[in-house]
Amino acid sequence: MSPQDIPFLSVGALRTALRARECSPVDVIDALAARLEKVDPKVRAYLSHDLTGARQAAAAADVNLPLGGIPIGMKDVLNVKGQPCGCASHILDGYIAPYDATAVARLRAAGAIPFGRLNMDEFAMGSSTENSSKGITHNPWDFDRVPGGSSGGSAASVGADLAFAALGSDTGGSIRQPAALCGCVGLKPTYGRISRYGLVAFASSLDQIGPFTKTVEDSAILLGLMAGKDPMDSTSVDDPVPDYVAALAGAKDLRGVKLGLPKEYFIEGITPAVTKAVRAAVAHCERLGAEIIEVSLPHTEYAVGVYYIVATAEASANLARFDGVRYGHRATDPTGLLDHYMRTRAEGFGPEVKRRIILGTHVLSSGYHDAYYLRAQKVRTLIRRDFFQAFEKVDAIVCPTSPCAAFKLGERTADPLQMYLADIFTIAANLAGIPGISVPGGFDETLSPGKPLPIGLQFLAPAFAESNLLRIAHVYEQTTEWHQKRPAL
Ligand code: GLN
């Protein structure tokens, strides 16, 4: 195999090539290094990487393991032993992870090589990766546009063939939305399906780890290897882990599948290109034999509001640990303990993180707790119930991932509310704990002359119905050509 072709392979295809000895694990790292040198200065998906370490791991790799010798990119929010884990924040400057996150350890045990630190919005707060304190990442399809967020580096790395696959985290859409904007597959599993141990917590009742991949099959491969009970995360569930790859076998059409189309999801603010792509995708699914049924998710309109109460409340508690005493940045020459805390946190956190800590502290404070936090939890229950009711009638829901294709860098940074609305179609799944996947579903040819911008199609399924979710997404992918298009880099 020619080295130039290697970076474009899917995980499944790379595994086959490695086992057939068409290339060696060291060739893979060399090919990736060459691609990184050429393309990453334009995209800036990676904050750092260790090619020497990766070559050493590759030299010792066993290609008979499920992911033997395959490098997997890591969002800067996941602990990988011996590597920096900074959450793209100055407050974690200098911190080196002393252990592997469970998801990382499981991939490592399967032979994978955790590779590089991928850019993100600071502490996963944002939808464009512009809240990173380590610089911006560019969309591989148009460098003037955002890659989405918060896992923008992960999405851009896979979209630009700078990674075969990458991990990210999704609290309100941070895997699915950037995957949509960069033209790759992004899966948020059911809450509890993958252990969160070693994932730096943002909002613990919403956070899930998931893969960014070039194909749905790769998503199934990675999910199967990471899923399952972990004694280190009490919210991980010990339901047996199905063979997700086997669930895709033989799937050719959608006969017998009931797909719900939420009537509340074609809102004002959604671009004509996205509406057109989703309508076309729905018609395509219908031709494949799916029965399309209109469903109602009446409480969706409250999802963004509820999310910004629940998520900020949890974040304000989770981020209290960054105090400069135990790790990361520490203010110099404090006059006392309070001055130490105040200056360390004032210097270490960026503006969006501070805004969320203040908001979260407010909604939890006595006198406001009942009006905001408690009420938000009640509405969260209503949002969950909407999905339970819809899933009595349908197997899965189909809808847009994002209301628009990639927006311009800087276009929304001045208005946090505009930025928050980027997640209008993804947030409800986190509040309900259900799985969702974004797959390439078309292009917007109108926003950027000569530069088609990917559009994501989202499927949502009941909790722990990933096999079915992946199967539906796989059939859609395999009967369309969107995923085969690559950006001109
Ligand atoms: N964009 C949303 C936020 O800013 C979601 C982020 C995420 O899923 N981590 O909070």
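The values are calculated or read from the model by the stated rules, or taken from the named source; none is laboratory data. This is a predicted model, so every value here is computed, not measured. When we count neighbours, we look across all protein chains shown, and the Cβ atoms used for this are built from the backbone with ideal geometry, even at glycine.
In this structure, PRO140 does not qualify as modelled with pLDDT of 95 or more and either surrounded by fewer than 24 Cβ atoms within 10 Å (Cβ to Cβ) or within 15 Å of the ligand (Cβ to nearest atom) (or both).
Yes or no, residue by residue, for (1) under 27 Å from the mean Cα position of the chain (by Cα); (2) small (Gly, Ala, Ser):
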position	(1), (2)
THR275	yes, no
ALA281	yes, yes
CYS285	yes, no
GLU291	no, no
ALA311	yes, yes
LEU319	yes, no
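Considering the range 336-375, the residues that are of a type in the set (Gly, Ala, Ser) and under 24 Å from the mean Cα position of the chain (by Cα) include one that is surrounded by the most Cβ atoms within 10 Å (Cβ to Cβ), namely GLY360. What pairs come up if the first residue lies in the range 120-133 and is under 17 Å from CYS182 (Cβ atoms), the second is β-branched (Val, Ile, Thr) and within 7 Å of the ligand (Cβ to nearest atom), and their beta carbons are under 7 Å apart, counting only those six or more places apart or on different chains? As it stands, the answer is ALA124/THR171, since those pairs meet every condition given. Looking across the range 166-200, the residues that are of a type in the set (A, V, I, L, M), within 16 Å of TRP482 (Cβ to Cβ) and within 13 Å of the ligand (Cβ to nearest atom) come down to ALA179, ALA180, LEU181. Looking across the range 452-489, the residues that are under 27 Å from LEU162 (Cα atoms) and assigned to a loop (DSSP other than H, G, I, E, B) come down to PRO452, THR479, THR480, GLU481, LYS485, ARG486, PRO487, ALA488, LEU489. Here VAL278 meets the list (1) closer than 25 Å to VAL80 by Cβ; (2) in contact (Cβ under 8 Å) with a residue 12 or more places away in the chain almost entirely, failing just condition (1). Scanning the range 1-60 for residues that are of a type in the set (Val, Ile, Thr) and under 26 Å from GLY86 (Cα atoms) turns up ILE29, VAL39, VAL43, THR52. Listed by first and then second residue, the pairs linking a residue in the range 214-225 that is without any contact (Cβ under 8 Å) to a residue 40 or more places away in the chain to a residue that is of a type in the set (Val, Ile, Thr), with Cβ atoms under 8 Å apart and 6 or more places separating them unless they lie on different chains, are GLY224/VAL241; GLY224/VAL245.
Let's see how each residue does on (1) in contact with a Gly (Cβ under 7 Å, 6 or more places away or on another chain); (2) modelled with pLDDT under 95; (3) not in a helix (DSSP H, G or I):
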| residue | (1), (2), (3) |
| --- | --- |
| GLU268 | no, yes, yes |
| ALA273 | no, no, no |
| LYS276 | no, no, no |
| GLU286 | no, no, no |
| VAL304 | no, no, no |
| VAL310 | no, no, no |
| SER316 | yes, no, no |
| TYR327 | no, yes, yes |
| ARG345 | no, no, no |
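Filtered by the rule that a residue be at negative phi and buried (at least 19 other Cβ atoms within 10 Å of the Cβ), the range 432-450 gives ALA432, ILE434, PRO435, GLY436, ILE437, SER438, VAL439, PRO440, GLY441, PHE443, ASP444. Considering GLY168, GLY135, GLY111, the condition of being surrounded by 24 or more Cβ atoms within 10 Å (Cβ to Cβ), modelled with pLDDT of 95 or more and among the small types (Gly, Ala, Ser) is satisfied by GLY168 alone.
Which residues, taken from the range 143-163, are part of a loop (DSSP other than H, G, I, E, B) and buried (at least 24 other Cβ atoms within 10 Å of the Cβ)? Full working, then the answer.
Start the filter on the range 143-163 by keeping residues that are part of a loop (DSSP other than H, G, I, E, B), which leaves 143-144, 146-151, 160-163.
Matches in the range 143-163: VAL146, PRO147, GLY148, GLY149, SER150, SER151, ALA160, LEU162, ALA163.
Annotation note: Cβ proximity below 8 Å between a residue of the range 43-62 that is in contact (Cβ under 8 Å) with a residue 40 or more places away in the chain and a residue that is of a type in the set (Asp, Glu) (sequence gap 6+ or interchain) occurs for TYR46/ASP40; LEU47/ASP76. Tell me, yes or no, whether the range 211-218 has at least one residue that is farther than 16 Å from LEU469 by Cα, touching a His at 6+ places or on another chain (Cβ under 9 Å) and in a loop (DSSP other than H, G, I, E, B). Checked the range 211-218: at least one residue is farther than 16 Å from LEU469 by Cα, touching a His at 6+ places or on another chain (Cβ under 9 Å) and in a loop (DSSP other than H, G, I, E, B). Scan the range 434-451 for residues that are over 23 Å from ILE309 (Cβ atoms), outside any strand (DSSP E or B) and within 16 Å of the ligand (Cβ to nearest atom) and report the count. Within the range 434-451, residues that are over 23 Å from ILE309 (Cβ atoms), outside any strand (DSSP E or B) and within 16 Å of the ligand (Cβ to nearest atom) number 1. Among residues of the range 410-433 that are within 12 Å of the ligand (Cβ to nearest atom), those with a beta-carbon under 7 Å from a residue that is among the acidic types (Asp, Glu) at least six positions away or on a different chain give the pairs ASN430/ASP170. A single member of ASP76, ASP27 is out of contact with any helix residue (DSSP H, G or I) (no Cβ under 6 Å at 6 or more places or on another chain) and surrounded by fewer than 21 Cβ atoms within 10 Å (Cβ to Cβ), and it is ASP27.
Is it the case that CYS404 is part of a loop (DSSP other than H, G, I, E, B), out of contact with any Asp or Glu (no Cβ under 6 Å at 6 or more places or on another chain) and buried (at least 19 other Cβ atoms within 10 Å of the Cβ)? So CYS404 fits the description; yes.
Please tell me if SER205 is of a type in the set (S, T, N, Q), more than 21 Å from ALA428 (Cβ to Cβ) and within 13 Å of the ligand (Cβ to nearest atom). So SER205 fails the test.
Checking each residue in the range 147-165 for being within 8 Å of the chain's Cα centre (by Cα), among the polar types (S, T, N, Q) and away from the ligand (no atom under 11 Å from the Cβ) picks out only SER154.
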